[in-house]
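Rule-based calculations on the coordinates, nothing more; no lab input. Predicted model, so just to flag it, every value in this text is computed and none were measured.
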Amino acid sequence: MDETFPDLGSLTDLELKDVIRQLTEEETEISYRRRILHGKIDILRAELVNRLRHKHDDGEVMITGEDVQKLTDILAHRQPQDAQ
């Protein structure tokens, strides 16, 4: 399907069903990709928590809330708050 939305009045019932099918498939693919990305973010956050626990147990300086926010911004592909 083209990037532009079709003229709905000019489409047959079969063509409308095909457009619905195409868009539904696209939405399914995007949803799957989003779930994969959320899973990766969860894994990265779990690793960060694990590292923090080890640092705390070893008496090292732990990261700040600002550091966690920066990581969250990076993972969410946002600009850091101080750069906005």
For this session: Determine the gain in length on full extension of the stretch Asp67-Leu23; use 0.36 nm per residue of separation and subtract their C-alpha separation, reporting nm with one decimal.
Result: 11.9 nm
For this session: Would you kindly give the portion of the calculated P(r) for region 11-83 that falls above 20 Å, as a percent of all Cα pairs?
Result: 56 percent
